[in-house]
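Working notes for the structure below.
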Amino acid sequence: MAFLIYPCGCKFELQDSSLKDDIVVDDKLKEYPAIKLDFNNIDKDCKDTWNLISEGNTTGVFQVETRLGSIWCKKIQPHNIDELSLIIALIRPGCLESYMEDGKNLTHHCCERKHGREDVVYLNDTMKEILKDTYGILTYQEEAILLASKVAGMNLQQADSLRKAIGKKDTELMSKLEKEFVEGCKNTGVVTEEQGKEIFETIRASQRYQFNRCLALDTTVEVYKDYKYIIKPIKDIKIGDSLTCPGYYSDTKRSVSSDSIRWHELTNVVNIFDNGKQFISTISLSKIDDKSLRKEIDCTINHRFLCSDNVIRPVKNLDIGNILICKDGNYIIDSLWLDHTKAPTINIEVDHPRHLYYANGITTSNSHSISYAMVGYYTAYCKTHFPLQFYTSYLRGAIWKQKPLEEIKTLVNDAKKQDIYVLPPDIRNLKEEFYIENKNIRFGISEIKNIGTSAVETILRHLQSVVEKLEKPITEWKWTEFLVFCSQDINNSAYEALISCGACDCFGIGRRRMIYELKIYNMLSPGERKWIQDNFKEIKGDTLVDILQFCGKVKKEGGGCHNQGRADKLLKLKGELETPPHSTLDNVLTIAQDEEKYLGIALTVSKVDGRADAEKATHTIKDFIGCRDKYGILAVEVGEIKIIHTKKGKNPGQEMAFVNISDNSGSIDGAVCFPNVFAENGELLYEANTLLMQVERNTTQEGFIINKLWQI
Ligand SMILES: [Zn+2]
């Protein structure tokens, strides 16, 4: 058994079992072998993955892909799932928009406390127990519910209606619940009335947060294997295992009770999610007709169970006295506990139509759900170890995003940071979707504007037919062959798009020149073009000039024209090819504009490269990010701009901006333009403008500040 071994220590078994030697990933490795990858078994402590996240390199990393996510990952430096999950909660409006007396938000305070730069003070031990994982700051809704139950003595349902009231911003219900809450605090005596009010304010400021549906690791399920039923802890379950579940007919709407579950079926495990540590609740049940038979289960309060009225309910909607359907009959809930502590959890997904299976003999249902932080880690893991595949699949997925072009731009620029270049399509190897070529990624033709998915097939089919006709692969074609044999059968705007985006650069002729020649060639009559195809082998030379020379005679003189008038016309066109009325040379600006028009982004050049003053730049963006210089002058194109009004300082309410800038080497998101510079030169900051920019490295905030701007 041989492995692919990464510098971080992660290793993957090779698919080809005949290979006996391990392969080490380093700069010299040319080709990656196929590997076996199982997300359940990847290293959750891969240092390179955590470094990638902590460096704020989070484009494409689920839940922290925004600029805000990147900034807080850099500040908080997460190195485990709990810390990443904390960041995901901290960058929601609930924490960002809650300010303490010093004017700084909860997110900031949590970060300071995490790094030990600020003391964590708890009102009392109960509060400490509940809030210790989040440095004394109410971050999760689980915490809000725990507080309501432990501090104000609310039951689960009361606590949950509180959570819902917060989510819906129901002020009337909130003031009613506030009274109940403070009253409850007086009764429990855990905190004073004053403190109770304070805690309620914090809860009010918290926002909706996704719960996870998970079971504790010691939960058991019944596995059918080798004609036997075996009880196993859920942590030992593997994808593909068969578990017992209620008969599928319980899928119907009609009422179901344990009496009607007369048989059990099998359902297959299709997914296993390790959801890390979660707050756990415990349900205790006893059998209705035999109180000595008992069951118990530990799970998150969003976990769902099948009740005797055939409705599946989450724990938070259950109460003492409710009846659950179990494998051996109906059981009644004797107690429901919400625990103080977090425990490791797991979640499995089964292919039963209602996701039902028996856990500890109780009918439970979990639809697909996995912790956001875990998905975030998985995506970061892929980005770290398999960046080519990561970017290719994200680029393919860009069409599903709200702004596909923006998404493609962001990904292309981000990929440059890892020395992965996204290249224009290539006529010699056209594919429908983005694909990996050597260590780079190529555009798929369905992504080119003016070429719809329906045209893709026609183009590919036609190219193949010409390959057969000419009896040579496209790699050996000359430009004139592509012009003569393809320009009539591929729709003209698609044909032009292919040239303009760079797909035909392999012919070694400038893009403008090809477009110009196409226009001239289209002036020939269908009969003349047909004649050229038929007599192509006889033509000496391989330029369009040679072709027109050859064809520009009347038929009896061996040419392709019907009369002298046409022959003269062709020779005139030949003259226009030799001395065009305008320049047919490419320049950086036209290339950049065309690529932007057809691909959504300038790939091979940057608009900036076309500006004479761009030479005054001292660094490229990539160099500047990578070096330690405090100042740099960059020649950049302006991307998205976010203008905000200052909240603090001498004159609150002034305009300032966060600006995305890029050049051919990469991009910087959210460079800060403070009010003084913005007031002076802000009018130059508009999308697609090209500028020289003096940029300062902000060492404390790990960002960049724009000091000066010049139009170029
Ligand atoms: Zn690793």
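Let's see if you can work this out: charge +1 on each Lys and Arg Cβ, -1 on each Asp and Glu Cβ, no other charges. What is the dipole magnitude of segment 573-712 about its Cα centre, in debye to the nearest 20?
720
Per residue, how much space in cubic angstrom lies within the convex hull of the C-alpha atoms of segment 426-467?
In segment 426-467, the Cα convex hull volume per residue is 64 Å³.
Which whole-number percent is the relative contact order of the chain (Cα, under 8 Å, 6+ apart)?
Relative contact order, the chain: 8 percent.
Roughly speaking, to the nearest percent, how much of segment 93-209's 1.4 Å accessible area is carbon and sulfur?
47
Nearest 5 is fine: what % of DSSP beta bridges in segment 666-712 come out antiparallel, could you say?
Expressed as a percentage, antiparallel bridges in segment 666-712 total about 90.
How large is ³J(HN,Hα) for each residue in segment 432-442, as worked out from phi by the Karplus curve 6.51 cos²θ - 1.76 cosθ + 1.60 (θ = phi - 60°), to whole Hz, x for Gly and Pro?
5, 10, 3, 8, 7, 10, 6, 9, 10, 10, 9
So for Thr700, Thr646, Thr364, what's the accessible-area order with a 1.4 Å probe, most first?
Thr700, Thr646, Thr364
Please compute the net charge surrounding Glu193, taking Lys and Arg as +1 and Asp and Glu as -1 over other residues with Cβ under 15 Å from its Cβ.
Taking every Cβ under 15 Å from that of Glu193, the sum is -3.
Return one whole number: the accessible area per residue of segment 215-367 in Å², for a 1.4 Å probe.
43
Can you check what the net charge comes to around Thr219, using other residues whose Cβ is under 12 Å from the Cβ of Thr219 (Lys, Arg +1; Asp, Glu -1)?
Net charge around Thr219: -2.
Please report how many Lys pairs in segment 607-711 have alpha carbons closer than 22 angstrom, counting only residues at least 8 apart along the chain or sitting on separate chains.
Number of lysine pairs found: 12.
Determine the dipole magnitude for the chain: charges of +1 sit on the beta-carbon of Lys and Arg, -1 on that of Asp and Glu, nothing else is charged, the reference point is the Cα centre, and the result goes in debye to the nearest 20.
About 960 debye.
Report the relative contact order of segment 607-711, percent, no decimals, based on alpha-carbon pairs under 8 angstrom and at least 6 residues apart.
28
Considering the options His462, Gly670, Ile474, tell which one lies farthest towards the positive end of the dipole of the chain, charges being +1 on Lys and Arg and -1 on Asp and Glu at the Cβ, about the Cα centre.
His462
Label 7 Å along Cα→Cβ of Lys630; segment 688-712 residues with amide nitrogen under 12 Å?
Of the residues in segment 688-712, 696-700 have backbone N under 12 Å from the label point off Lys630.
Would you please report the Å³ per residue occupied by the convex hull of the alpha carbon atoms in segment 409-520?
In segment 409-520, the Cα convex hull volume per residue is 106 Å³.
Which one of Pro353, Thr282, Val315 has its Cα pushed farthest toward the positive end of the charge dipole of the chain, where Lys and Arg give +1 and Asp and Glu give -1 at the Cβ?
Pro353
Using only C-alpha positions, report the orientation-averaged shadow area of the convex hull of segment 341-408, nm², one decimal.
Mean projected area of the Cα convex hull: 7.7 nm².
With a cut-off of 18 Å, note down the residues of segment 424-465 whose backbone N falls inside the zone around a label point 7 Å from the Cα of Leu29 toward its beta carbon.
Flagged as within label range: 436-441.
Under 4 °C and 1.567 mPa s, how fast does the chain diffuse according to Stokes-Einstein, given a Kirkwood radius computed over C-alpha pairs? Answer in µm²/s, whole number.
Using the Kirkwood radius from Cα pairs, D works out to 42 µm²/s.
Accessible area per residue of segment 93-209 at 1.4 Å probe, in Å²?
49
In angstroms, what radius of gyration and Dmax does segment 607-711 have, counting Cα atoms only?
13.2, 41
In cubic angstrom, how much convex hull volume per residue do the alpha carbon atoms of segment 295-346 span?
91
In whole Å, how far is the Cα centre of segment 628-655 from that of segment 359-422?
Taking the Cα centre of segment 359-422 as reference, the centre of segment 628-655 is 30 Å away.
Taking H as built 1.01 Å from N, whose amide H comes closer than 5 Å to the amide H of Ala2, not counting residues under 5 places away?
Leu14
Summing +1 for each Lys or Arg and -1 for each Asp or Glu, what net charge is found among the other residues whose Cβ lies under 15 Å from the Cβ of Asn563?
+3
Check which residues have an amide H placed less than 5 Å from Tyr32's amide H, if you skip close sequence neighbours.
Answer set, sorted by chain and number: none.
Through the Karplus equation 6.51 cos²θ - 1.76 cosθ + 1.60, θ set to phi - 60°, convert the phi angles of segment 17-32 into ³J(HN,Hα) values in whole Hz; use x for Gly and Pro.
Those phi angles translate into 6, 7, 6, 10, 9, 5, 10, 9, 7, 8, 4, 7, 5, 8, 10, 8 Hz.
Identify, among Leu266, Cys504, Thr126, the residue whose Cα sits farthest towards the positive end of the charge dipole of the chain, taking +1 on the Cβ of Lys and Arg and -1 on the Cβ of Asp and Glu, with the dipole about the Cα centre.
Positive-most Cα among the choices belongs to Cys504.
What aspartates and glutamates could a cross-link reach from Lys197, if we take a straight Cα to Cα line under 14 Å and drop same-chain neighbours fewer than 8 places away?
Partners within reach: Glu178, Glu180, Glu183.
Rounded to whole Å and ordered largest first, report the semi-axes of the equivalent ellipsoid of segment 215-367 derived from its Cα gyration tensor (root of 5λ).
Ellipsoid half-lengths, sorted descending, are 21, 20, 14 Å.
Calculate the tail of P(r) for segment 93-209: the fraction of all Cα-Cα distances greater than 18 Å, expressed in %.
Above the 18 Å cut-off, segment 93-209 has 48 percent of its Cα pairs.
Of Lys36/Lys431; Lys74/Lys342; Lys287/Lys327; Lys478/Lys519; Lys472/Lys574; Lys291/Lys327, which sit over 21 Å apart, Cα to Cα?
Lys36/Lys431; Lys74/Lys342; Lys472/Lys574
With labels modelled as points extended 7 Å from the Cα through the Cβ direction, what inter-label distance (nm, one decimal) is found for Phe674 paired with Ser454?
Spacing of the two 7 Å Cα→Cβ label points: 5.7 nm.
With runs of 4+ DSSP H residues as the only contributors, calculate the mean residue ellipticity of the chain at 222 nm using -39,500 (n - 2.57) per run, divided by the residue total and rounded to the nearest 500.
Helix-only estimate at 222 nm: -10500 deg cm²/dmol.
How big is the gap, in Å, between the Cα center of segment 72-124 and the Cα center of segment 430-446?
About 41 Å separates the Cα centre of segment 72-124 from the one of segment 430-446.
I'd like the antiparallel share, as a percent to the nearest 5, of DSSP beta bridges with both residues in the chain.
95
Under a point-charge model restricted to the Cβ atoms of Lys and Arg (+1) and Asp and Glu (-1), what is the dipole moment magnitude of segment 93-209 relative to its Cα centre, in debye to the nearest 20?
320
The values are calculated or read from the model by the stated rules, or taken from the named source; none is laboratory data. Treat the numbers as computed from the prediction; the structure is a model and nothing was measured. Glycine also receives a Cβ, built like all others from the backbone with ideal geometry; neighbour counts cover every protein chain displayed. Just the protein is used for accessible areas: all its heavy atoms, side chains included, with ligands, DNA and RNA removed. Shrake-Rupley method; radii C 1.70, N 1.55, O 1.52, S 1.80 Å.
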